[in-house]
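Read through the structure below, which is laid out as structure tokens, and then see the notes.
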Amino acid sequence: MGTRPQHDVAYRHLRSLLRQWRLDAGLTQPELAKKMRKRHHTWVQKSESGDRRLDPVEFVRWCRACGVNPAKAINLIDE
């Protein structure tokens, strides 16, 4: 059986960027969850740890909540 997609090197890079964007925005996990209208901060924790994957809409909302341009963020993931 292969590696789970969220443990792929590129996705691990994305997860570290997500966390860094949140921290750079000065947001805690509960604060980001609230900004994104999620029910609980564990959603953010699971996204950052790789226990769950973000869909494209969630990715855009995460970026915007952290003040990151989603289009520019895509280029960072590809580096």
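Between the DSSP loop rule and a limit of at most 11 other Cβ atoms within 10 Å, which trypsin sites (Lys or Arg not before Pro) in the range 1-70 are left?
Values: sites: Arg12, Arg15, Arg19, Arg22, Lys34, Lys35, Arg37, Lys38, Arg39, Lys46, Arg52, Arg53, Arg61, Arg64; in loops: Arg37, Lys38, Arg39, Arg52, Arg53.
Hits after loop and neighbour filter: Arg37, Arg39.
Expressed as a rounded percentage, what relative contact order does the range 5-78 have, with Cα pairs under 8 Å and six or more residues apart? List each step's numbers first, then the result.
Numbers: 66 pairs, mean separation 26.2, N = 74.
Computed over the range 5-78, the figure is 35 percent.
Over all directions, what mean area does the Cα convex hull of the chain project, stated in square nanometres? Please list the in-between numbers first.
Numbers: hull surface 20.3 nm².
So the mean shadow area of the Cα hull is 5.1 nm².
Every read-out reported here was derived from the displayed coordinates using simple, explicitly stated rules and does not represent laboratory data. Remember, it's a predicted structure, so these values are computed and weren't measured experimentally. Cβ atoms come from the backbone with ideal geometry, glycine included; neighbour counts cover every protein chain shown.
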